[in-house]
Amino acid sequence: MKYDISALGNALVDTQYMISHEFLNEIGLEPDSMTLATPEEHAPIIEKLESMGASSVSDCGGSATNSLVAASYFGSKCHHVCRVADDEDGQKYLDSLQNAGVNHIGFSKEDSNMPTGKCLIFVTPDAKRTMSSMLGVSAYLGSKDIDYDAVVNSKIFYIEGYMVTSNENFNAVTSVLNHLKNKNTLKALSLSDAGIVNGFRDEFKKIESHGIDMIFCNDDEAIAFAGTETFDDAVSFYKEQAYMIAITKGSEGSLIIKNGKEIFSPAESINPVDTNGAGDMFAGSFMYAYLNGFDLASCAEFSNFASSKIVETFGPRLTPDGYREVLNKLKKS
């Protein structure tokens with residue numbers, strides 16, 4: 001089967017909570033960041049949240065997952081390369097992908113004692129999100145979890161930046177990139193988190209060496225990847241690169257840089273509720289519009305609008321009607 005987008009990323013069942021900044025301080029997490037955790041570290045946090053009666057939503061998640069779900073609802077044919085265990089969370093994850101029309105290879109046949117990954121997402125009153133991820137079986141994704149034919153027969157292969165954090169995940173990424181050598185598949189990369197970029201710079205540069213065509217990131221991640229002190233210096237750096245980069249700048253909008261040229265698109269005027277998933281929605285929307293022949297300015301405008309709808313919503317997903325409303329914006333442009 002031919003696909004529009006295939007992606008490689010963590011399979012995590014997300015549970016998202018509305019909490020205070022004081023709560024983040026109590027559990028020792030840095031605001032607006034992602035940290036890795038064990039089930040033992042999650043247990044007391046979950047217990048405390050339940051005792052507080054914190055408001056929450058839960059669904060299958062992971063950065064690449066969110067992007068694929070959006071693109072699929074818009075009409076792209078999508079395939080996800082990820083790993084889930086044959087447990088309750090794994091079944092929930094696969095059911096959610098199926099409902100969104102995203103294909104997947106199925107349950108992992110190895111490491112059956114490892115659970116499906118989980119992510120606790122904390123949203124503070126300023127709409128920022130802080131994540132604590134327990135990767136579980138996702139951290140051991142290997143060649144048996146990859147449908148190489150599906151990836152090779154995709155127009156875009158999208159890599160979630162968090163995949164550099166374990167040797168197994170990173171080896172899976174390079175394995176797919178090696179299969180794509182001399183193929184026509186475009187290669188896209190999400191930088192995911194500035195701290196991850198700084199901590200795994202060698203891995204990101206190795207991915208880049210395979211000939212990346214698109215990078216998606218926010219302004220802090222753009223600075224980290226460029227290795228500069230300021231955003232203006234980062235922009236100058238990206239003007240010299242062969243790939244296109246799409247940089248989200250929160251309430252300011254987004255900046256696309258390609259072939260030395262800048263394309264700025266202002267943000268929608270909204271009341272922010274929750275920024276979790278906004279960058280994922282931007283990437284999924286952009287890839288969908290790009291593959292349907294829209295120019296870069298139109299892709300950015302559409303993606304800004306789509307992201308704004310996520311920021312107005314508690315949780316990283318829209319309803320099916322919400323995705324259709326966003327798509328109508330592109331059709332009218």
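Remarks
- Under 5 Å, built H, 5+ apart or other chain: amide partners of SER56: none
- Under-5 Å amide H pairs with MET34, H placed in peptide plane, nonlocal only: MET131
- For region 137-144, 3J(HN,Hα) per residue [Karplus equation, 6.51 cos²θ - 1.76 cosθ + 1.60, θ = phi - 60°, Hz, x = Gly/Pro]: 5, 4, 5, 10, 4, x, 4, 6
- Nearby aspartates and glutamates by direct alpha-carbon distance to LYS329 (threshold 12 angstrom, same-chain neighbours under 8 apart not counted): GLU301
- Sequence-distant residues sharing a close amide H with TYR3 (under 5 Å, placed H): SER154, LYS155
- Overall Cα dimensions of region 220-326 - principal axes, largest extent first, Å: 41, 30, 20
- Dipole moment magnitude, nearest 20 debye, region 23-67 about Cα centre, only Lys, Arg, Asp, Glu C-beta charged: 100
- The 3J(HN,Hα) values that the Karplus relation (6.51, -1.76, 1.60; θ = phi - 60°) gives for region 54-69 are, in residue order, 5, 5, 8, 9, 9, 6, 5, x, x, 4, 5, 4, 4, 5, 5, 4 Hz. Gly and Pro appear as x.
- Shape of region 1-135, Cα gyration tensor, a/c cut at 1.5: prolate
- Size descriptors for region 198-276: radius of gyration and Dmax over Cα atoms are 13.3, 40 Å.
- Looking at region 155-228, the trypsin sites (Lys or Arg not before Pro) that sit in a DSSP loop and have at most 12 other Cβ atoms within 10 Å of their own Cβ are LYS181.
- Subtracting the Cα-Cα distance of ASN178 and GLN91 from 0.36 nm times their residue separation leaves 28.2 nm of extension gain.
- Mean ellipticity per residue at 222 nm, deg cm²/dmol - from DSSP H runs of n ≥ 4 across the chain, formula -39500 (n - 2.57): -12500 deg cm²/dmol
- Remark: GLU47, GLU312 ranked as GLU47, GLU312, counting other beta-carbon atoms within 10 Å and listing the fewest first.
- Radius of gyration and Dmax over the Cα atoms of the chain, both given in Å: 18.5, 55
- Using θ = phi - 60° in the Karplus curve 6.51 cos²θ - 1.76 cosθ + 1.60, the 3J(HN,Hα) couplings for region 219-236 round to 5, 5, 5, 5, 5, 4, 5, 6, x, 10, 8, 10, 5, 4, 5, 5, 4, 4 Hz; x is entered for Gly and Pro.
- Fewest neighbouring Cβ atoms within 10 Å first, the residues ARG129, ARG317, ARG324 line up as ARG324, ARG129, ARG317.
- Stokes-Einstein diffusion coefficient of region 113-175, Kirkwood radius over Cα pairs, 20 °C, 1.002 mPa s, in µm²/s: 156
- Note on region 138-270: Rg/Rh from C-alpha atoms, Kirkwood Rh, equals 0.99.
- Restricting the calculation to Cα atoms, every distinct pair contributes to the Kirkwood radius of region 97-205, found to be 15.7 Å.
- DSSP-defined beta bridges in region 208-333 - what % are antiparallel, rounded to 5: 65
Bear in mind these aren't lab numbers, they're just calculated from the coordinates by the rules spelled out. No experiment lies behind these values; they were computed from the predicted model shown. Virtual Cβ from ideal backbone geometry, glycine too; neighbours counted across all protein chains shown.
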